[in-house]
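Here's the structure, in structure tokens; my notes come after.
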Amino acid sequence: MRSKRRAGMLVGVLAAAAIPLAAPVSAWAAQPSAPAAGTASTGTAPTSQQWNKLTALAESQASVLGLSNGAKPVLSLAADVSAAQKAAVLKAIPQGVDVTVRMSGLTKDKVKRIEEAATGRKWHSDAQKYGVATTYDSATGKVALTTDAPRSALTKLLASYPGAVEVKQERFEAQNTRWADVSPFFGGSSITNGGGVCTSGFAVHDRTNPFKEHLLTAAHCFPFNNQVWNGSTHGPSLGVVEHKFNSIDTEMIGGKDYDKYIYTGGYTMSTSTHFIYGYHGATLNQQVCVSGQTTLVHCGHKITNNAFSVVWPNTGGIGPQHNSGFLYERGGTNNPCYCNGTLTQGGDSGAPIYVPDSTDSGAMIVGLHSGLIGTRMVGVKISNILNDTSSTLVT
């Protein structure tokens, strides 16, 4: 999908400063040099004044790649630095500062090329969807690449610079919330037709037309052809209800741009999101999260039935039928019943149900939230949704 997220938001590139501060020192480089002649080893961290001087030194010397900010700072010099340049750096180190000067395995030109390649985002056909931050890390001697892109999308970039890039996956948070979304719209947001309130689920592609996208929610939320807005009728339009699939309690909102993120914040003004990178079957005993506009995000809900059928009252026969539904429990911490966890409430219908990845920045979609039966929550399986709507996830 062609992500058009606003400037400075989720997909905006966060470029590193020319001379960044990095993590504490670790042994990475060959040929470590001794502290500058004439400087005493104090064994203590630099004072604020000394840090100011070290930072000014790093910024003024073209041969310096980076400066770590640990208790004992490490000043990294480019691999192709001359003897005269190295001597100039050693001489300029403030008196009394306990600092280690080390030679990097990278030249300044190579660091620049890596940063330009990463932030230029031509390393994958979908690279423009992702946020990217780069910095030279004196602690590792590598370019640290922080991104919300899956590692599978970084294969080309990493292969171009073997051993020179260290990847860290983090969530990139846009400055918008469930109640103040803008195009391209996310799942997990508050949506309304001016009467009822529900939650958007996640975005899908039309299987026969990858350029046709929809945002899903529960079919019992809004009638066919209704206009849907974010937050309130004064908010932006998310499109209109174009298709309804009553037997899986799913409807498709279309006509606007939608993206592969879901809101996952646990408080009202949170801007937290997860990127969707695939889906996960509704397997028994799997613990899942749900992210609705009313109860926000809560997790630890165990799936106890993955072949469930429901027809909701007063909906004209809408509900996940033919075993397309699953039950997930409230969970909790009170042994032995584990029944003090959060339950979904009105307005959470259509919310994404997901499994977070190990970094807690990505999400595997399990289904859509459909409703509540007593203290048991009901979801619609992602496999049935994608099959019956002839769709694929926007990832």
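The values are calculated or read from the model by the stated rules, or taken from the named source; none is laboratory data. Just so you know, these numbers come straight off a predicted model, no measurement behind them. Cβ coordinates were reconstructed from backbone atoms using ideal geometry, including for glycine residues, and neighbour counts include every protein chain displayed.
Structural remarks
- Flag if residue 152 is surrounded by 22 or more Cβ atoms within 10 Å (Cβ to Cβ) and either without any contact (Cβ under 8 Å) to a residue 40 or more places away in the chain or over 24 Å from residue 353 (Cβ atoms) (or both): no
- Residues that are of a type outside the set (A, V, I, L, M, F, W, C), farther than 20 Å from residue 383 by Cβ and part of a strand (DSSP E or B) within the stretch 187-212 comprise 190, 192, 199, 209, 212, listed in sequence order.
- For the stretch 248-285, the tally of residues that are closer than 22 Å to residue 224 by Cα and surrounded by 19 or more Cβ atoms within 10 Å (Cβ to Cβ) stands at 7.
- The residues on offer are 152, 125, and the sole one that is part of a loop (DSSP other than H, G, I, E, B) and not assigned by TED's automatic domain parsing to the domain that holds residue 275 is 125.
- Residues of the stretch 344-395 satisfying the condition of being in contact with a Gly (Cβ under 7 Å, 6 or more places away or on another chain), surrounded by fewer than 24 Cβ atoms within 10 Å (Cβ to Cβ) and in a loop (DSSP other than H, G, I, E, B): 347, 395
- Residue pairs whose Cβ atoms lie under 9 Å apart, separated by 6 or more positions or on different chains, with the first residue in the stretch 204-227 and on the phi > 0 side of the Ramachandran plot and the second surrounded by 12 or more Cβ atoms within 10 Å (Cβ to Cβ) and in a strand (DSSP E or B), are 225/240; 225/241; 225/242.
- Filter result for residue 87 (free of Cβ contacts under 8 Å to residues at least 12 places away in the same chain and either of a type outside the set (Ser, Thr, Tyr) or touching a Lys or Arg at 6+ places or on another chain (Cβ under 9 Å) (or both)): yes
- Considering residues of the stretch 138-179 that are of a type in the set (A, V, I, L, M, F, W, C) and farther than 23 Å from residue 114 by Cβ only, the residue modelled with the lowest pLDDT: 174
- Looking only at the stretch 56-110, residues that are assigned to a loop (DSSP other than H, G, I, E, B) and among the polar types (S, T, N, Q) come to 7 in all.
- Here 324, 349, 391 are screened, and the one residue that is in contact (Cβ under 8 Å) with a residue 12 or more places away in the chain, of a type outside the set (A, V, I, L, M, F, W, C) and either farther than 18 Å from residue 200 by Cβ or touching a Pro at 6+ places or on another chain (Cβ under 6 Å) (or both) is 324.
- Test result for residue 234, in the same structural domain as residue 321 (by TED's automatic domain parsing) and at pLDDT below 95: yes
- Test: residue in the stretch 109-124 that is more than 25 Å from residue 165 (Cβ to Cβ) and buried (at least 18 other Cβ atoms within 10 Å of the Cβ): no
- Boolean, residue 182 is within 24 Å of residue 128 (Cα to Cα) and at pLDDT below 95: yes
- As a summary of the residue check, residue 186 satisfies the conditions (1) in contact with a helix residue (DSSP H, G or I) (Cβ under 7 Å, 6 or more places away or on another chain); (2) under 30 Å from residue 345 (Cβ atoms) except for the one numbered (1).
- Residues of the stretch 85-108 satisfying the condition of being buried (at least 20 other Cβ atoms within 10 Å of the Cβ) and hydrophobic (A, V, I, L, M, F, W, C): 89, 93, 97, 99, 106
- Sole residue being without any contact (Cβ under 8 Å) to a residue 12 or more places away in the chain and not hydrophobic (A, V, I, L, M, F, W, C), chosen from 189, 125: 125
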